[in-house]
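To start, the structure under review is shown below, and the notes come after it.
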Amino acid sequence: MRAGVALGSNLGDPLGNLRAARHAILLIPGVTEPILSSPIYETEPVGCEPGAANFLNAVIEFTYAGDALQLFEQLRGVETSLGRPAEHARNVSRSIDVDLLYFGDAVIKTDRLTLPHPRIEGRRFVLQPLADIQPNRVLPGQTKSVSELLALTPQSATVLRSSKQWEDH
């Protein structure tokens, strides 16, 4: 099943945090190629505490051999291994944020997991990198493609392609 995952960081070494998260995710048993990685974007914080630093955001997509809940738990483990506390307030600065956006065409709504991610729509910092790798994808429950959703999303915060990217140059 193809899975889309959003990555974000604005504390410590955000680029290093994104690289470490991507590396750890690709080592999860059951994750296989092809791996799609969006460019990295620098984005203004949305709804964060005053004075929060800009985020680096990206989206990756890969094939996963297990089920959505197994992957979700593995992604929580990646966050924990990279220093994010298990209980973390929403909309505050963080060293790493790893969100499962979709898992094929699965629609899931449990106490632990909702898919597709309930806050994709209207979030330019997620839609822009997702549109770079899957512009024509129509998420379950949507009638518009990712690129169409992006075009409808107001520019409420700056989302710019970063000069910092995945490779160490």
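Since every read-out is calculated from the coordinates, none of them should be taken as a lab result. Bear in mind the structure is a predicted one, so any value in this text is a computation, not a measurement. With ideal geometry, Cβ positions are generated from the backbone for all residues, glycine too; neighbour counts draw on all protein chains shown.
Figures for the structure shown
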{"read-out": "Any pair with Cβ under 8 angstrom, 6 or more apart, that starts in the range 92-105 at a residue that is within 14 Å of I25 (Cβ to Cβ) and touching a residue at least 60 places away in the same chain (Cβ under 8 Å) and ends at one that is among the basic types (K, R) and part of a loop (DSSP other than H, G, I, E, B)", "value": "I96/R84; D97/R84"}
{"read-out": "Residues satisfying the stated conditions in the range 19-47, i.e. of a type in the set (A, V, I, L, M) and either in contact with a helix residue (DSSP H, G or I) (Cβ under 7 Å, 6 or more places away or on another chain) or in contact (Cβ under 8 Å) with a residue 60 or more places away in the chain (or both)", "value": "A20, A21, A24, I25, I28, V31, I35, L36, I40, V46"}
{"read-out": "Selected residue (criterion: nearest to the chain's Cα centre (by Cα)) from residues of the range 32-67 that are surrounded by fewer than 21 Cβ atoms within 10 Å (Cβ to Cβ) and of a type in the set (G, A, S)", "value": "S37"}
{"read-out": "Residue within the range 83-93 that is exposed (fewer than 15 other Cβ atoms within 10 Å of the Cβ), among the aliphatic types (A, V, I, L, M) and within 22 Å of N54 (Cα to Cα) present", "value": "yes"}
{"read-out": "Among the residues listed as Q70, Q74, the single one being among the polar types (S, T, N, Q) and surrounded by 19 or more Cβ atoms within 10 Å (Cβ to Cβ)", "value": "Q74"}
